[in-house]
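The values are calculated or read from the model by the stated rules, or taken from the named source; none is laboratory data. The structure displayed is predicted, hence computed values, not measured ones. Glycine also receives a Cβ, built like all others from the backbone with ideal geometry; neighbour counts cover every protein chain displayed. Accessible surface areas use protein heavy atoms only, side chains included; no ligands, DNA or RNA. Shrake-Rupley method; radii C 1.70, N 1.55, O 1.52, S 1.80 Å.
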Amino acid sequence: MINWGILGPGKIAHKFATGLKDVKGAKLYAVASREVEKAKIFSSEFNAEKSYGNYEELMQDPDVDVIYIATPHVFHHRQTIQCLQNGKAVLCEKPMGINAAEVEEMIKLAKEKNLFLMEALWTQFLPHFEFVKHKITSGELGKIKSLEADFGFFKEFDPESRLFNKSLGGGSLLDIGIYPIFLALELLGMPDEIVADAKFTETNVDSECIMEFQYPHNVKASLFSTIQQETPTTAEITLEKGKIHLDSRFHEPTSVKVFTPEDEKNFEFEIPSNGYYFEAKHVTEMLQQGKKESPLMSFEKSLNLISLIDEVKSKIGLSYS
Ligand SMILES: NC(=O)c1ccc[n+]([C@@H]2O[C@H](COP(=O)([O-])OP(=O)(O)OC[C@H]3O[C@@H](n4cnc5c(N)ncnc54)[C@H](OP(=O)(O)O)[C@@H]3O)[C@@H](O)[C@H]2O)c1
């Protein structure tokens, strides 16, 4: 049995804990919040044994095997380092750090301590995404010619909220732009060139970010993120012999359409509780097998992902101190 602990029982932690409930060989054992009452409410909802009013106590609990870090981006680096120093495996929410230097340090320590560490990029483990990757690598539709992906929702401006507050790592790029970038990285690899532009809020974080990644043979990925408007949040991959359309929202459990000149097919995928189940199951299995790195969401992938984000940040003039 793998005992999970959660730091920061907010929105995503609720969804993750719901997915975790269905994973065999895993249980939510402990929850830590900055307010003990909040931890207790979360624990009673998910039948966790322990509730802590600070994060450090959970990190020091000898019965915790792995810690899921579900706090705002800017805390991921420090808390991962602390968890690893306390001998705990870590599943850290995306983005793993706010720049490549942070992610490098986290990976270096995980290797030194011989502990499991992974970025919680749940799309990687979803059945529709596995299907898309298989469809492309099978070669039946030929090579990719272009990719388009957007991720957008409208959020009322609130300078204190983690989406707009620069000191909490606000902005569309780090929060949701990471998904179109991840899709391009996973399907096309590292681009030769990046062109990017952004609009900024009065708190000086990007409210929207438009990116074009260029690859050899004139292959392009057109990517977009925004927290100022609802957008389809779909992805379309054009290949030599057809198209693959990931329905809305492309980063979470959804259906996929495959178009060829002769045919149009819709594919649906079964999801047990919610999509976080697959990520939680993967990490639980990795730990049961004594693995220190996921072959699917590897250290190299997280480093490439944050390096691409860093490059976009430098093109649009965004930095976090
Ligand atoms: N994988 C996904 O689908 C997905 C979706 C949404 C978000 N995320 C990621 O998950 C992380 C958290 O996002 P969220 O939407 O769940 O945020 P949230 O609802 O605001 O929750 C974040 C939690 O972090 C804790 N926290 C610690 N220090 C904080 C501070 N100074 N300000 C605010 N909260 C603080 C709070 O818990 P306590 O006060 O109880 O300690 C809070 O409940 C982000 O990094 C985001 O990128 C991932």
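Using the structure shown, decide if GLY142 is in contact with a strand residue (DSSP E or B) (Cβ under 7 Å, 6 or more places away or on another chain), at positive phi and within 12 Å of the ligand (Cβ to nearest atom). Against the criterion (in contact with a strand residue (DSSP E or B) (Cβ under 7 Å, 6 or more places away or on another chain), at positive phi and within 12 Å of the ligand (Cβ to nearest atom)), GLY142 does not qualify.
Within the range 131-150, the set of residues being assigned to a strand (DSSP E or B) and out of contact with any Pro (no Cβ under 6 Å at 6 or more places or on another chain) comprises ILE144, LYS145, SER146, LEU147, GLU148, ASP150.
Scanning the range 145-184 for residues that are more than 16 Å from GLU212 (Cβ to Cβ), among the acidic types (Asp, Glu) and surrounded by fewer than 21 Cβ atoms within 10 Å (Cβ to Cβ) returns GLU156, ASP158, GLU160.
Of all residues in the range 1-56, those that are closer than 15 Å to VAL90 by Cα, near the ligand (Cβ under 10 Å from one of its atoms) and in contact (Cβ under 8 Å) with a residue 60 or more places away in the chain total 4.
All conditions in (1) within 15 Å of the ligand (Cβ to nearest atom); (2) surrounded by fewer than 19 Cβ atoms within 10 Å (Cβ to Cβ) hold for GLU93, with the sole exception of (2).
For the range 23-56, filtering for residues that are under 23 Å from THR284 (Cα atoms) and surrounded by fewer than 15 Cβ atoms within 10 Å (Cβ to Cβ) leaves 7.
Here GLU252, GLU270, GLU230, GLU279 are screened, and the one residue that is part of a loop (DSSP other than H, G, I, E, B), touching a residue at least 60 places away in the same chain (Cβ under 8 Å), of a type in the set (Asp, Glu) and crowded, with 16+ Cβ neighbours inside 10 Å is GLU252. Reported count of residues in the range 105-117, each being touching a Phe, Trp or Tyr at 6+ places or on another chain (Cβ under 9 Å) and either in the same structural domain as VAL256 (by TED's automatic domain parsing) or open to solvent by 40 Å² or more (accessible area, probe 1.4 Å) (or both), is 1. Would you mind stating whether LEU126 is within 22 Å of ASP310 (Cβ to Cβ) and within 13 Å of the ligand (Cβ to nearest atom)? Criteria not met by LEU126.
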